[in-house]
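Engineer: Pasting in a structure now, in structure tokens, and then I'll have a few things to ask.
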Amino acid sequence: MDKITLVKVLNKFRNKRVFITGHTGFKGSWLTMLLKQLGAQVRGYALEPVSSPNHFDLLDINNDIDHIIGDIRDYSNLKASMQSFKPEFVFHLAAQALVIRSYEDPVDTFSTNIMGSNHLLESVRDCNSVKSLVYITSDKCYENLEWEYGYRENDKLGGHDPYSASKAAAEILFSTYQRSFFSQIPELGVGSARAGNVIGGGDWSLNRIIPDCIRSIESNEPIILRNPSAIRPWQHVLEPLTGYLYLAYALCESPDRFSGSWNFGPKISEVRTVEEVAKNIIEYYGKGKIRISNTSNKQHESQLLQLNCDKANQNLNWNPKWDIQDTIKFSAEWYKSFYDNQMANAITSKQISNYFNGAL
Ligand SMILES: NC(=O)c1ccc[n+]([C@@H]2O[C@H](COP(=O)([O-])OP(=O)(O)OC[C@H]3O[C@@H](n4cnc5c(N)ncnc54)[C@H](O)[C@@H]3O)[C@@H](O)[C@H]2O)c1
């Protein structure tokens, strides 16, 4: 196969049928918008958006896609929704995606992230139109040993908190399906994708650093940081989404060569502490202040998490585009424009064009 290029990847999705789970969420709504701009036909399957406001409703794209509200734990509905659409590409993003919530409701987290993912894998197995599955888990699927270097795809899986454990379990499920079933379907490529901490406009989830900063700034309250020195692989939402498109393309072109697990994260030189990110948000937003909380966290939180992305850099020819300053600048700019009454879909659209710099 010739070297993968951005133009080849972006052109691949024109008029293609793409099934996305979790399209009403933060990453899923950006991916849906991006795929629509690439000319894809999209069917999304997810629960109703939970936050108010939320990026999916603000984009006003539910009439431009096949929009299905459904639970991935409802196996027959998920399977029928996929089979009747006959997709070529599947992106699985639906999940209970919040660490703190996983402590509050581990059963919901495990049932969604494990059994829901099992239903997705089984639906793909029964849907012979699918050529390429990108199955999104997380950088938190690795057993965190507080290493000062990045985790590689073959490092040990594990998880202290229920969210991380559910994502490690989802990875084991994926590997089982790949080895037991998908390897016997030569025309199907399957990849699991482990991205870092994703930031960007349009996220109003609870207990995530950027939404927490924006909520505090907009209500003239100090930003309370409970774990200011924690280091994370922050990246703009468009970075892993572009990585997922590269992977989907490669899986379709050469299933045997590219099936497996893939990390998508920033360069190691771009990782930052929580406090540095909050300070940069304030700088770009032009207002806000920080207060470090002295009440210690009851729940365990890892201090250091980094990804080694050599595999995707070298084999997929995927590389992150925006450095940490651009990542924070564009994130702050999105919310600032939104609270200055600009239309969310125009802001998102402009940032997508900016990111692809004329390639769209
Ligand atoms: N945001 C991050 O920093 C980050 C980092 C690494 C991995 N991830 C993973 O990326 C994916 C998307 O994350 P996000 O930040 O957009 O999360 P999000 O919470 O914004 O969106 C989650 C989506 O999943 C859907 N969903 C949840 N439970 C469901 C169920 N039972 N049935 C059907 N749909 C259901 C929701 O409706 C929503 O569309 C998740 O798998 C998450 O674990 C996120």
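Values in this text are rule-based calculations from the coordinates and carry no lab data. The structure displayed is predicted, hence computed values, not measured ones. Cβ placement follows ideal geometry from the backbone for every residue including glycine, while neighbour counts extend to all protein chains displayed.
Engineer: Extending each Cα 7 Å along its Cβ direction at S254 and D64, get the distance between those two points in nm, one decimal.
Structural biologist: It is 3.3 nm.
Engineer: Could you tell me the convex hull volume per residue, in Å³, taken over the Cα atoms of segment 175-243? Could you put the intermediate results ahead of the total?
Structural biologist: Working: hull volume 9.0 nm³, N = 69.
Taking only Cα atoms, segment 175-243 has a hull volume of 130 Å³ per residue.
Engineer: Under a GNM of the chain (C-alpha, springs under 10 Å), which listed residue has the highest mean-square fluctuation: D139, D203, D74?
Structural biologist: Greatest mean-square fluctuation among the candidates belongs to D74.
Engineer: Sticking with this one: If you take every DSSP beta bridge whose two residues both sit in the chain, what share of them, in percent to the nearest 5, is antiparallel? Write out the running numbers ahead of the final one.
Structural biologist: On the way: 3 of 38 bridges.
Percentage antiparallel, nearest 5: 10.
Engineer: Pull out the extension gain between S76 and S51, defined as 0.36 nm times the separation in residues minus the alpha carbon to alpha carbon distance; nm, one decimal. Before the final figure, lay out the partial values.
Structural biologist: Values: separation 25, 0.36 × 25 = 9.00 nm, distance 2.74 nm.
In short, 6.3 nm is gained.
Engineer: Additional query: Report Rg/Rh for segment 6-356, rounded to two decimals, where Rg is the Cα radius of gyration and Rh the Kirkwood radius.
Structural biologist: Working: Rg = 19.0 Å, Rh = 20.3 Å.
Answer for segment 6-356: 0.94.
Engineer: Can you compute the modelled spin-label distance between N345 and R179, with each label point 7 Å from Cα toward Cβ, in nm?
Structural biologist: 4.7
Engineer: Reported to two decimal places, what Rg/Rh ratio describes segment 287-340 when computed on Cα atoms with Rh from the Kirkwood expression? Spell out each step's value before the answer.
Structural biologist: Numbers: Rg = 17.3 Å, Rh = 15.4 Å.
Result for segment 287-340 is an Rg/Rh of 1.12.
Engineer: Which value at 222 nm does the chain reach when only helices count, each DSSP H run of 4 or more adding -39,500 (n - 2.57), with the total divided by all residues and rounded to the nearest 500 deg cm²/dmol? Write down the numbers at each step before the final one.
Structural biologist: Details: 14 runs with 143 residues, N = 360.
Calculated from helices alone, the mean residue ellipticity at 222 nm is -11500 deg cm²/dmol.
Engineer: Please say if segment 26-133 is rounded, prolate or oblate, where rounded means a/c under 1.5 for a ≥ b ≥ c the square roots of the C-alpha gyration tensor eigenvalues, and otherwise the choice is prolate for a/b larger than b/c and oblate otherwise?
Structural biologist: Numbers: a/c = 2.02, a/b = 1.10, b/c = 1.83.
It is oblate, given that a/c is not under 1.5 and a/b is not larger than b/c.
Engineer: Which three semi-axes in whole Å describe the equivalent ellipsoid of segment 95-202, each the square root of 5 times a Cα gyration tensor eigenvalue, listed largest first? Working shown, then result.
Structural biologist: Numbers: eigenvalues 121, 56, 36 Å².
The answer is 25, 17, 13 Å, longest axis first.
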